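Before any comments, here is the structure.
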Ligand code: G
Ligand code: G
Ligand code: MN
Ligand code: NA
């Protein structure tokens, strides 16, 4: 069978899984959020990462049902974590433009939030620059409608696309996520440090929360602190973890 029909089947057979990557608050040193990252436990090929099937899901439209599965599972796991007495965490879910455009997004999200009994304010959607900047009037309407449910938006892979500052300021975006390509080069490349610092300053000036991705070393973290970055995500803090390991990490810190 081709990968598309296999993915269709995977959705029915519950072969998908979510891993969660913790996000660290640099001010308090606490974990304050998670990013949900989808995985496919393929019966023959093993664990597949999103770049091996998300593009296909986007082309075929399967990303829409897949995305609802992701949101539903993430909300369920948030409740599971609460049930274990852990403090509430923000949950960030990646959203493709195709999902964002789906006419059922608002009603489905509303239903899922009700079903899972989660306050929408703990949910965050990560959109890429290219998605957000495309058709701003329609994009804004959708963002405002979802915002009514309390959902916040972050701009993912910030710095790699092209952001018009006009849109940055006029769309209801709460967070910038600095792409890991900038963060990773901070050791050896002064210009990368300057870019990261400039992006953090920009976020401060626009009153946005700023998250650095791809934080892989103590030195990265120290520089980000120095520049006033709010939050950090990356292997230095934790890899994306399956739910049970995440729970252990949150309780024992390793
Ligand atoms: O884990 P990593 O390889 O795990 O993720 C790679 C990319 O896949 C990320 O850039 C992320 O934006 C995207 N991605 C991960 N999970 C999802 C998801 O549930 N939906 C969508 N649309 N993209 C995702
Ligand atoms: O594009 P997006 O930011 O949504 O994708 C997150 C991706 O980055 C996932 O594939 C995740 O596994 C990966 N990732 C998370 N932390 C690190 C890190 O510290 N270094 C690298 N190279 N990749 C990371
Ligand atoms: Mn992301
Ligand atoms: Na990113």
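Worth pointing out:
- The C-beta contact set for region 7-32 (first residue without any contact (Cβ under 8 Å) to a residue 60 or more places away in the chain, second residue surrounded by 21 or more Cβ atoms within 10 Å (Cβ to Cβ) and in a loop (DSSP other than H, G, I, E, B), distance under 7 angstrom, 6+ apart or interchain) comprises 7/53.
- Long-range neighbours under 9 Å by Cβ, at least six apart or interchain, first residue more than 15 Å from ligand 1 (Cβ to nearest atom) within region 230-246, second at pLDDT below 95: none
- Any hit, region 62-69, residues being within 16 Å of ligand 4 (Cβ to nearest atom) and farther than 20 Å from residue 152 by Cα: no
- Selection count where residues are free of Cβ contacts under 8 Å to residues at least 12 places away in the same chain and either part of a helix (DSSP H, G or I) or under 24 Å from residue 96 (Cβ atoms) (or both), scope region 166-200: 6
- Against the numbered list (1) closer than 21 Å to residue 137 by Cα; (2) at pLDDT below 95; (3) in contact with a strand residue (DSSP E or B) (Cβ under 9 Å, 6 or more places away or on another chain); (4) outside any loop (DSSP other than H, G, I, E, B), residue 154 comes up short only at (2).
- Extreme residue, farthest from residue 30 (Cα to Cα), among residues of region 210-220 that are buried (at least 20 other Cβ atoms within 10 Å of the Cβ) and away from ligand 1 (no atom under 16 Å from the Cβ): 220
Let's see how each residue does on (1) within 16 Å of ligand 4 (Cβ to nearest atom); (2) at pLDDT below 95; (3) within 20 Å of residue 220 (Cβ to Cβ):
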| residue | (1), (2), (3) |
| --- | --- |
| 128 | yes, yes, no |
| 139 | no, yes, no |
| 160 | yes, yes, yes |
| 178 | yes, no, yes |
| 183 | yes, no, yes |
| 189 | no, yes, yes |
| 194 | no, no, yes |
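- Taking the criterion of being out of contact with any strand residue (DSSP E or B) (no Cβ under 9 Å at 6 or more places or on another chain) and more than 9 Å from residue 149 (Cα to Cα), the residues of region 108-123 that qualify are 108, 111, 112, 114, 115, 116, 117.
- Checking 106, 89 one by one, the residue that is more than 19 Å from residue 176 (Cβ to Cβ) and over 15 Å from the mean Cα position of the chain (by Cα) is 106 and no other.
- Looking only at region 100-113, and only at residues there that are within 22 Å of residue 17 (Cα to Cα) and at pLDDT 95 or above, the one that is surrounded by the fewest Cβ atoms within 10 Å (Cβ to Cβ): 111
The values are calculated or read from the model by the stated rules, or taken from the named source; none is laboratory data. Here the structure is a predicted model, which is why all the values come from computation and not from measurement. Neighbour counts are summed over all protein chains in view; Cβ atoms, including those assigned to glycine, are modelled from backbone coordinates with ideal geometry.
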